[in-house]
Amino acid sequence: MLKYTSLKEKDLEYLTFILRNGMVTAKQILLKFREPNIHRVYRRLRKLEGKKFVRHEQIAHKVGVYLGTIDARNLTNVNVTVPTKATVYTMQHNLLLNDLVLFYEFQAEKQGVGFKYQTEREIRHFMLGEGDNQSKLTAYNANRDRIPDAAFFFKNAEGKMTTTWIELELNKKERKRYDEKFKLFDELLSSKRLDDQPYSYDQVIYFADDVKIHHVVNEAKQRLVNADKISIRKIPSVIINERWEEVMASGPDGEEPGENATD
């Protein structure tokens, strides 16, 4: 495919990462690909933006995000839904999920264990399939509680895979919503695989910093048969405080990837 285009292999890697994750920052691309500086990232993004494969949106005063386009999806054949716009809430949720993915990728690399993931956009595309935007939106709204924010796959040294349903909770919901969702979790964690699910899940992990969310999740799970398979954790401080050097593997010269970069 690259023989007849001006794109490089790294261009396709950038596009795949952006499409899978919905929207990303230049800093997240820098971390993901261990680029030596942010200027290299911006040069490649400008090239992709010029070819209409990427678009840039400035959401907050200091936060700009990059989104893939339908043309990029057609080029790469990545099976995902493509976002049409970014809001402050979706941006915050999306970017924190990206950080969680990067955190566990780096941590797994340092520990020598296997880690893979699927994003909500990939799982949503699998579960809802093709169709016009309105029908897909209707199907999503009817099934959104049956789609995780992400799925993480951990493989230990013995080769055993643990499939994890990931929820990132930024705002506390009504108790009724938790009760309904936790009924699904009890069923989900008791079965080999539900018919409408792409995976058989071994555990559920919530990430939240609000202590009220911790309380409601811990209360909601107590009545479940599979309560021990559901846990809630704080968002790692490495993510919140941008201390990526603590989890990133050092390069051959002892420097952290992107060490000299400035955003």
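The values are calculated or read from the model by the stated rules, or taken from the named source; none is laboratory data. Keep in mind it's a predicted model, so treat the numbers as computed, not measured. Backbone-built Cβ (ideal geometry, glycine too); neighbour counts: all protein chains shown. For accessibility, only protein heavy atoms count, side chains too; no ligands or nucleic acids. Shrake-Rupley method; radii C 1.70, N 1.55, O 1.52, S 1.80 Å.
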**Request:** Report ³J(HN,Hα) in whole Hz for each residue of the range 16-29, in order, from the Karplus equation J = 6.51 cos²θ - 1.76 cosθ + 1.60 where θ = phi - 60°; Gly and Pro get x.
**Result:** 4, 4, 5, 5, 4, 9, x, 8, 9, 9, 4, 4, 5, 5
**Message:** What are the extents of the Cα atoms of the chain along their three principal axes, in Å, largest first?
**Reply:** 55, 47, 41
**Message:** So with the 1.4 Å probe, I'd like the accessible area per residue for the chain, rounded to whole Å².
**Reply:** 53 Å²
**Complete:** Any residue on another chain or 5+ positions along whose placed amide H is under 5 Å from the amide H of Val247 is listed here as none
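With +1 on each Lys and Arg Cβ and -1 on each Asp and Glu Cβ, and nothing else charged, work out how big the dipole of the chain is about its Cα centre, in Debye to the nearest 20.
On the way: 43 positive and 39 negative charges, 130 e Å.
The calculated dipole for the chain is roughly 620 debye.
Which order do Lys181, Lys160, Lys155, Lys10 take when ranked by solvent-accessible area (1.4 Å probe, heavy atoms of all protein chains), largest first?
Working: Lys181 25, Lys160 120, Lys155 95, Lys10 55 Å².
Greatest to least solvent exposure: Lys160, Lys155, Lys10, Lys181.
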**Prompt:** Under a GNM of the chain (C-alpha, springs under 10 Å), which listed residue has the highest mean-square fluctuation: Asp99, Asp228, Asp149?
**Reply:** Asp228
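With runs of 4+ DSSP H residues as the only contributors, calculate the mean residue ellipticity of the chain at 222 nm using -39,500 (n - 2.57) per run, divided by the residue total and rounded to the nearest 500.
Values: 10 runs with 113 residues, N = 263.
Rounded to the nearest 500, the figure is -13000 deg cm²/dmol.
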**Asked** Given charges of +1 on the Cβ of Lys and Arg and -1 on the Cβ of Asp and Glu, with all other atoms neutral, how large is the dipole of the range 22-114 about its Cα centre, in debye to the nearest 20?
**Response** 420 debye
